[in-house]
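Q: Input: one structure, supplied below.
The values are calculated or read from the model by the stated rules, or taken from the named source; none is laboratory data. Fair warning: this is a prediction, and the values are worked out from it, not measured in the lab. Note that each Cβ is placed from the backbone with ideal geometry, even for glycine, and that neighbours are counted across all protein chains shown. These accessible areas exclude ligands, DNA and RNA; they are computed on the full protein's heavy atoms, side chains included. Shrake-Rupley method; radii C 1.70, N 1.55, O 1.52, S 1.80 Å.
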Amino acid sequence: DLSDIEVPILIFSGGEPLVRKDIYELGEYASGKGLRVVMSTNGTLITEEVAGKLKDSGFLYVGVSLDGLRETHDDFRGIEGAFEGALRGIRNSLKAGIKTGIRFTVSGINYRDLPDVLDLVVREGITRFCLYHLVYSGRGKELVESDLSNEERREMINLLIGKTLDYCRRGTELEILTVDNNVD
């Protein structure tokens, strides 16, 4: 049905889409119908084998949630080693030839990690960085008090603009997107 109404993209998200046993079958079916098939994941389950299967089943892009550097990300996720697992998944996805990007949900907890996360993105050869603002639904309802103040948000956006201009001047190939806040 999505193909018939010419939906241009199908994003498998979650929870964690890689826990579905039929994820490769679904990706292959959707891509066979002409949909651009992408995934939003925590990245920890992307082994070399999984990355190869994703590529073979038609996934064209993988967005991995990385919400700070090691300590911040692990604390935010509540799992020691989540950062290393996500980074390993990113590397495996890139190695398989899948366009891979970072999904960073900014908050008062992690916005100071932003410059270093962007530098990590460049060092790892990742070509897309998506900065998401906190949305007050689902788990986000519990995080309202950790959202940025107006001053912190302005500081963060100015930092993002400065880094973007610096990368452009240096010829760094990096697409930077902001999502969920139209005033950006």
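Q: Add +1 for every Lys or Arg and -1 for every Asp or Glu among the other residues with Cβ under 15 Å from the Cβ of Ser149, and state the total.
A: Within the 15 Å Cβ shell, the charges total -2.
Q: Rolling a 1.4 angstrom probe over the protein heavy atoms, how many square angstrom per residue are accessible across the stretch 15-141?
A: Solvent-accessible surface per residue comes out at 47 Å².
Q: Here's something else I'd like to know. Give me the distance between the Cα centres of the stretch 62-126 and the stretch 1-56, rounded to whole Å.
A: 20
Q: Over the stretch 45-92, what percent of the accessible surface lies on carbon and sulfur atoms, probe 1.4 Å?
A: Working: 1090 of 2250 Å².
Carbon and sulfur atoms account for 48 percent of the accessible area of the stretch 45-92.
Q: Shifting gears a bit: Filter Lys33/Lys55; Lys21/Lys55; Lys95/Lys163; Lys55/Lys163; Lys33/Lys53 down to the pairs with a C-alpha to C-alpha distance above 20 Å, please.
A: Exceeds cut-off: Lys95/Lys163; Lys55/Lys163.
Q: Given a Förster distance of 25 angstrom, what is the FRET efficiency for Ile9 paired with Thr127, based on the Cβ-Cβ distance and rounded to 0.05?
A: Once the sixth-power term is evaluated, E becomes 0.90.
Q: Need one word for the stretch 41-184: rounded, prolate or oblate. Basis is the Cα gyration tensor (sqrt eigenvalues a ≥ b ≥ c); a/c below 1.5 gives rounded, then a/b vs b/c decides.
A: oblate
Q: Lys/Arg Cβ at +1, Asp/Glu Cβ at -1, dipole of the stretch 43-171 taken about the Cα centre: which of Gly162, Val62, Leu120 is farthest positive-ward?
A: The listed residue farthest towards the positive side: Val62.
Q: Run the quick spin-label model on Glu175 and Ser146: label points 7 Å from Cα toward the beta carbon, then report their separation in nm to one decimal.
A: With each label placed 7 Å out from Cα toward Cβ, I get 2.9 nm.
Q: Using helices alone, what [θ] at 222 nm do you get for the chain, with -39,500 (n - 2.57) per DSSP H run of 4 or more residues, divided over all residues and rounded to the nearest 500?
A: Mean residue ellipticity, 222 nm, calculated: -12000 deg cm²/dmol.
Q: Hey, what angle do you get for helix 23-32 against the long axis of the chain, alpha-carbon based, 0 to 90 degrees rounded to 10?
A: The answer is roughly 80 degrees.
Q: Give me the distance in nm between label points sitting 7 Å out from Cα along the Cα-to-Cβ direction at Arg70 and Leu165, one decimal.
A: 3.4
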